[in-house]
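The values are calculated or read from the model by the stated rules, or taken from the named source; none is laboratory data. The structure presented is a predicted model; accordingly, all values stated were derived computationally and were not measured. Glycine gets a Cβ as well: all are built from the backbone with ideal geometry, and neighbour counts include every protein chain shown.
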Amino acid sequence: MRAWFQRRRKGASRADADAFALRLVAPALLIEFLFVFVPLAVGLYYSFHSVRFFQVGRFVGFDNYLSVLTSPAVLNSFAVTAVFAFGSLILTFVVGFALALHLERDGRVAVFMRAVVLVPYVISMLVGSLLLKWVLSQDSGVPQTVLGPLGIADFSVFADSSSAMAALIYNAVWRDAAFAMIMLLAGLKSIPLELYAAARVDGASPWYRFRRLTLPLLKTPMLITLVRLLMHFVNSLTFQLILTGGGPVNKTETVALRTFRLGFEDYALGRANALSFVVFLINVCMIVLLVKLFKPTEKLR
């Protein structure tokens, strides 16, 4: 009988603990529901209707999806997004990885340089983009200062599609390489030093240790870094809206900027939401592909 009462008290205390935990997370779940799931449901509803100026019209089915997927402007934005996203991803990851390897040691210079690298990341995207736009300004920026004495100061970075895209990618790398450095540096710090010591005793070269030891043990930090950066660059709006405005002639108009213009300039909210859900599905597919590519192995070879 005594054991029965003890089990009842234990069960009651566990139930009380579960109820208390639920009350703690309830506000966060409510906020998540209101600001994530409700807008998703509303957007999905809009994507199947003709919506103009926030006035929901008739049900059109998949017409909005067909309209955006056959639009030359939308197809161009997908191509621009692919160039910007993958160019920025590769360069940002490489620069961040190099910084993490170079600044791994906890010396004074390394700690100071980590703080310096973090400065662009803590600056808002709006401020950073405005700053770069001023630096590359044709009137008072770097082109005027460097090319003016040569008599060719009329060159505009944002008037040429290639240089404008290069400016966008540079802006992304300049700001987000610090994030890649932080994530990969945390992964490097988590690798036991004893493994490197044992590898050196066995005569492994630095390149062999990096390829057979460091890279396999960094799979999870690398995956998290790549997923976060890829989602950020694919859905980036601030860089393009502030720095280039999608110009020249829509050569830097990404899919996020095209969605913004459909919704808030053309007020075609049905098509804008349809395009948003197409991009959402593309994001999901890319995440699944990255997870499969970086699936952890059971043992090191």
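Structural remarks
- Top-ranked residue in the stretch 33-83 [being among the polar types (S, T, N, Q) and in a helix (DSSP H, G or I); ranked as farthest from Ser276 (Cα to Cα)]: Asn76
- Test: Val279 is within 16 Å of the chain's Cα centre (by Cα), assigned to a helix (DSSP H, G or I) and modelled with pLDDT under 90: no
- One residue alone among Phe233, Phe239, Phe210 is out of contact with any Pro (no Cβ under 9 Å at 6 or more places or on another chain), surrounded by fewer than 17 Cβ atoms within 10 Å (Cβ to Cβ), aromatic (Phe, Trp, Tyr) and farther than 20 Å from Ser71 by Cβ, and that residue is Phe210.
- Only a single item in (1) surrounded by 15 or more Cβ atoms within 10 Å (Cβ to Cβ); (2) within 17 Å of Ser67 (Cα to Cα); (3) not hydroxyl-bearing (Ser, Thr, Tyr) is not met by Asp266, and it is number (1).
- Filtered by the rule that a residue be assigned to a helix (DSSP H, G or I) and within 16 Å of Leu101 (Cβ to Cβ), the stretch 184-194 gives Leu184, Leu185, Ala186, Gly187, Leu188, Lys189, Leu193.
- Any chance Gly263 is part of a helix (DSSP H, G or I) and in contact with a strand residue (DSSP E or B) (Cβ under 6 Å, 6 or more places away or on another chain): no
- From the options Leu130, Leu147, residue that is at pLDDT 85 or above, out of contact with any strand residue (DSSP E or B) (no Cβ under 7 Å at 6 or more places or on another chain) and in a helix (DSSP H, G or I): Leu130
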